[in-house]
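Structure record follows, encoded as structure tokens.
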Amino acid sequence: MPELKRLHAGHAPAVLAFELANRAYFAASVSDRGDAYFERFADRHSALLAEQEAGISAFYVLVAEDGSVLGRFNLYDFEDGTAELGYRVAQHVAGRGVATATVREMCRLAVVRHGLCTLRAGTSRDNAASRRVLTKAGFVPVGPAAPAALGGKPGTWYQRDLVLRP
């Protein structure tokens, strides 16, 4: 059974493998990270861990039993009880409810671990799968997202006000 884990230094090889294996799949719906991202991956991974340590972001990976990464789920830009949510799942698990279930869990963790009250997420108009995930996880559209916020693609901001439910 997959397990959601807080990102740590030891995850770097599996995260890099995940990003490389799914690069073309991700680029079909979101902007490609570019070659420089992969060339400087170790530096970027260290920077994420520093952000997490500083308490301004929280990064999670969904790890399969074999240690491979099935998805990345990020809470970032913490400010006044609000954060942005970003996520991506491997192509071979897409469409199976993995993203929706994990986004719901991230909403729970946002409250109990990080003290957040609101999450926002942006998605491009052509990313129907992400729009479905957000809607199923209780997010509602709150307005247009400028193309600059979504890697050059027009889209929509979604928001969920968090309440801890039993």
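Computed from the coordinates by the stated procedures, all read-outs in this text should not be read as laboratory data. In this text the structure is predicted, and so the values were computed from the model without any measurement. Cβ sites come from the backbone with ideal geometry, for glycine too, and all protein chains shown count toward neighbours.
Could you work out which residue, out of His45, His92, His114, moves most in a Gaussian network model of the chain, that is, has the largest mean-square fluctuation with Cα springs under 10 Å?
His92
May I ask you to evaluate 6.51 cos²θ - 1.76 cosθ + 1.60, the Karplus curve with θ = phi - 60°, for each residue of segment 123-139 and list the ³J(HN,Hα) values in order in whole Hz, giving x for glycine and proline?
Residue by residue, segment 123-139 yields 9, 6, 4, 8, 9, 4, 4, 5, 4, 5, 4, 4, 4, 5, 8, x, 7 Hz.
Ordered by packing density, taken as the mean number of other Cβ atoms within 10 Å over each peptide's residues, highest first, how do 129-141, 9-21 rank? Don't skip to the answer; put the middle values down first.
Numbers: 129-141: 18.2, 9-21: 15.7.
With the highest mean Cβ count within 10 Å placed first, the list reads 129-141, 9-21.
Under a 10 Å cutoff between Cα atoms, tell me which one of Ala54, Ala99, Ala145 has the largest fluctuation in the Gaussian network model of the chain.
Greatest mean-square fluctuation among the candidates belongs to Ala54.
Highest GNM mean-square fluctuation, the chain, Cα pairs closer than 10 Å: which of Asp80, Asp32, Asp126?
Looking only at Asp80, Asp32, Asp126, the biggest GNM fluctuation is shown by Asp80.
Evaluate the Kirkwood expression for the hydrodynamic radius of segment 1-139, namely the inverse of the mean inverse distance over all pairs of different C-alpha atoms, and round to one decimal in Å. Spell out each step's value before the answer.
Numbers: mean 1/r = 0.0650 Å⁻¹.
Every distinct Cα pair counted, the radius reaches 15.4 Å.
Using Cα pairs closer than 8 Å and at least 6 residues apart in sequence, work out the relative contact order for segment 1-76, in percent. Display every interim value, and only then the final one.
Working: 82 pairs, mean separation 33.0, N = 76.
Once divided by the residue count of segment 1-76, the mean separation gives 43 percent.
Given +1 on the Cβ of Lys and Arg, -1 on the Cβ of Asp and Glu, and no further charges, what dipole in debye does segment 3-161 carry about its Cα centre, rounded to the nearest 20? Can you show the working numbers first?
Numbers: 19 positive and 17 negative charges, 119 e Å.
Dipole magnitude for segment 3-161 comes out near 580 debye.
Which whole-Hz ³J(HN,Hα) couplings does segment 144-153 yield from phi under the Karplus relation 6.51 cos²θ - 1.76 cosθ + 1.60, θ = phi - 60°, glycine and proline marked x?
x, 9, 5, x, 4, 6, 10, x, x, 10
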